[in-house]
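Participant: Take this structure first; my questions come after.
The values are calculated or read from the model by the stated rules, or taken from the named source; none is laboratory data. Nothing here was measured: the structure is a model prediction, and the numbers come from that model. Glycine gets a Cβ as well: all are built from the backbone with ideal geometry, and neighbour counts include every protein chain shown.
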Amino acid sequence: MDSREKGPWTPGDHHLKMYEPTDVNFKRLQTCAVLNTDASFITFENDVLARQARGDASETALIKFFESVDPIEKMRKECPRVAIVPFNSANKYMVSVNRTKESKGATHRIFMKGAAERVLPRCAFYNGPRGEVPLDDAARAEIEEMILTLAAKGERVLIFASMPYTSIIETTGDLINDAGEPTFPLEGLTFAGLISLVDPPRPTVQHALNECKSAGIQVYMVTGDHPATAVAICQSLGYRLTPCEVLKRAPGQDINTTFCIVHGINDIPQFTEADWDFVFECKQAVFARTMPEQKQAIVHHLNKRGAVVAMTGDGVNDASALKVAHVGIAMGSGSAVARDAAQVVLLNDDFVAIVDGIREGRLIFENLKKCVAYILCHFIPEFGPFLISVVAGLPLALQTLVLLFIDCGTELFPAVMLAYEEPEDSIMKIRHELQISTL
């Protein structure tokens, strides 16, 4: 945003301008965003940002922003929803049909929001200074350039569009067929605008990732976001490697310094075993725009190569991958489906908690080894005289009751103390070779 300029941005401008809340095009974007969201407030403090909301995190950010302009519930009551196509990871868009007071005889309006590559191709117009204007190639290219610019900053970009729809049907069953597909058109939309959301990693994540690296744990980013957004987030976490296309490996390329980007929708369906080998041997790999079946495929191919896989996720689209991983880790604020599919639920939704759990597990493992070593060490001087006495036919040097008193009186407490040893500084620098076996 450029605070020096005010007014609506349209293709042809050289930079973004800050919207005036009273601008007609801003109002159209506001209407698209408010009516095509399911999030709602459950507390009503005067400070909008302090309010708690029920719903998706992205939608919560939208309603908090627009509530500061106009009450969202008032807009929703004036334009009630009559049909909805929920967001899913396959379509990557959400559609809402609402009754509105349209001009030119239209009784309803179709609102769509979602990923740029799914919504923008359906747009045929945009709102210019003098009304709707055909969305030509030049305007479309400028919008796409703006999307890439925002995504390259690590921001998640949502596209909003709408169109009038004349219908006398008032029941959801007539607008959505039995397969859950809309019976109304989704082409020829009017581009209303785009909104970018900032969801930066927590400050503690970079240190946690460094600990994983030193401990021999390979971390892969698997996201549904745009590849440019994924790369920007990686760079914010300290990965300064030059990205390359995974299927265009250069001759003589050093695989140990390669940072490869995998486009889930475009690349993974074409992958061969050699491609999977290349990706997993890279120093760092990012999987962007992934579908649920592709997340499951990533976990499957890691399992196939003998890796012990922990998968994190919070949505319905993560459930299948959480199920096939050795350890499925769901976020406490995530969907019930994800929590049911996982073996571990993080109540604080913090990646650092996973690293803390690994450290605690390694501490238990190391202390257990110390206890076993200690018990074996004191067992030898006790068992030695007993064995010599039996072999030589001599009277027992140590009677059974004496051995019991020695063990309980002198060995028990030191062994227990070893179990409570504090972790050593190098505990997260030891590379453990884990083996999965059936007991």
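Participant: Any chance you could count how many residues in region 195-217 are in a loop (DSSP other than H, G, I, E, B) and closer than 30 Å to Phe26 by Cβ?
Facilitator: Filtering region 195-217 down to residues in a loop (DSSP other than H, G, I, E, B) leaves 199-204, 215-217.
Within this subset, residues satisfying the condition of being closer than 30 Å to Phe26 by Cβ are 199-200.
The total comes to 2.
Participant: How many residues are touching a helix residue (DSSP H, G or I) at 6+ places or on another chain (Cβ under 8 Å) and without any contact (Cβ under 8 Å) to a residue 40 or more places away in the chain if we restrict to region 147-168? Show your work before the answer.
Facilitator: Step one: filter region 147-168 for residues touching a helix residue (DSSP H, G or I) at 6+ places or on another chain (Cβ under 8 Å), giving 147-148, 151-162, 167.
Then keep just the ones that are without any contact (Cβ under 8 Å) to a residue 40 or more places away in the chain; that gives none.
Counting residues in region 147-168 that are touching a helix residue (DSSP H, G or I) at 6+ places or on another chain (Cβ under 8 Å) and without any contact (Cβ under 8 Å) to a residue 40 or more places away in the chain gives 0.
Participant: List pairs: first in region 281-300 and on the phi > 0 side of the Ramachandran plot, second of a type in the set (Gly, Ala, Ser), Cβ under 6 Å, 6+ apart or cross-chain?
Facilitator: Arg289/Gly264
Participant: Turning to a different aspect of this structure: I need the full set of residues from region 66-97 which are at pLDDT below 90 and of a type in the set (S, T, N, Q), in order please.
Facilitator: Ser68, Asn88, Ser89, Asn91
This table checks each residue for (1) buried (at least 20 other Cβ atoms within 10 Å of the Cβ); (2) more than 15 Å from Phe160 (Cβ to Cβ).
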| position | (1), (2) |
| --- | --- |
| Lys74 | no, yes |
| Lys77 | no, yes |
| Pro80 | no, yes |
| Ala83 | yes, yes |
| Asn88 | no, yes |
| His108 | yes, yes |
| Met112 | yes, no |
| Ala116 | yes, no |
| Leu120 | no, no |
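Participant: Which condition number does Thr22 fail, the rest of (1) over 22 Å from Leu148 (Cα atoms); (2) modelled with pLDDT under 90; (3) touching a Lys or Arg at 6+ places or on another chain (Cβ under 8 Å) being met?
Facilitator: (3)
Participant: Please pick out the residue among Asp340, Asp356, Asp314, Asp350 that is of a type in the set (D, E, K, R) and in contact (Cβ under 8 Å) with a residue 40 or more places away in the chain. So that I can check it myself, show each step before the final result.
Facilitator: Values: Asp340 fails: in contact (Cβ under 8 Å) with a residue 40 or more places away in the chain; Asp356 fails: in contact (Cβ under 8 Å) with a residue 40 or more places away in the chain; Asp314 fails: in contact (Cβ under 8 Å) with a residue 40 or more places away in the chain.
Result of the check over Asp340, Asp356, Asp314, Asp350: Asp350.
Participant: In addition: Please go through region 264-281 and give me each residue that is out of contact with any Phe, Trp or Tyr (no Cβ under 7 Å at 6 or more places or on another chain) and modelled with pLDDT under 80, ordered by number. Please lay out each step first, then the result.
Facilitator: Keep residues of region 264-281 that are out of contact with any Phe, Trp or Tyr (no Cβ under 7 Å at 6 or more places or on another chain), which gives 265-281.
Correct list: Ile265, Asn266.
Participant: Output the residues belonging to region 214-227 that are within 25 Å of His263 (Cα to Cα), surrounded by fewer than 18 Cβ atoms within 10 Å (Cβ to Cβ) and at pLDDT below 85.
Facilitator: none
Participant: Turning to a different aspect of this structure: For the list (1) more than 29 Å from Gly315 (Cα to Cα); (2) touching an Asp or Glu at 6+ places or on another chain (Cβ under 7 Å), I need the number of the one condition that Arg122 fails.
Facilitator: (1)
Participant: Kindly list, by first and then second residue, each pair from a residue in region 72-90 that is assigned by TED's automatic domain parsing to the domain that holds Thr31 to a residue that is modelled with pLDDT of 85 or more and among the charged types (D, E, K, R), limited to pairs with Cβ atoms under 8 Å and residues at least 6 apart or on different chains.
Facilitator: Short answer, once both residue conditions are applied: Cys79/Arg99; Cys79/Arg109; Pro80/Arg99; Val82/Arg99.
Participant: Scan region 404-417 and give yes if some residue there is touching a residue at least 40 places away in the same chain (Cβ under 8 Å) and either assigned by TED's automatic domain parsing to the domain that holds Gly315 or part of a helix (DSSP H, G or I) (or both), otherwise no.
Facilitator: Taking region 404-417 as the starting set, the residues that turn out to be touching a residue at least 40 places away in the same chain (Cβ under 8 Å) are 414-415.
Filter once more, keeping what is either assigned by TED's automatic domain parsing to the domain that holds Gly315 or part of a helix (DSSP H, G or I) (or both): 414-415.
Yes, region 404-417 contains at least one residue that is touching a residue at least 40 places away in the same chain (Cβ under 8 Å) and either assigned by TED's automatic domain parsing to the domain that holds Gly315 or part of a helix (DSSP H, G or I) (or both).
Participant: Quick check: anything in region 293-302 closer than 30 Å to Glu421 by Cβ, within 14 Å of the chain's Cα centre (by Cα) and assigned by TED's automatic domain parsing to the domain that holds Val219? Step through it out loud before you land on a result.
Facilitator: Step one: filter region 293-302 for residues closer than 30 Å to Glu421 by Cβ, giving none.
Checked against the condition, which is being closer than 30 Å to Glu421 by Cβ, within 14 Å of the chain's Cα centre (by Cα) and assigned by TED's automatic domain parsing to the domain that holds Val219, region 293-302 yields no hits at all.
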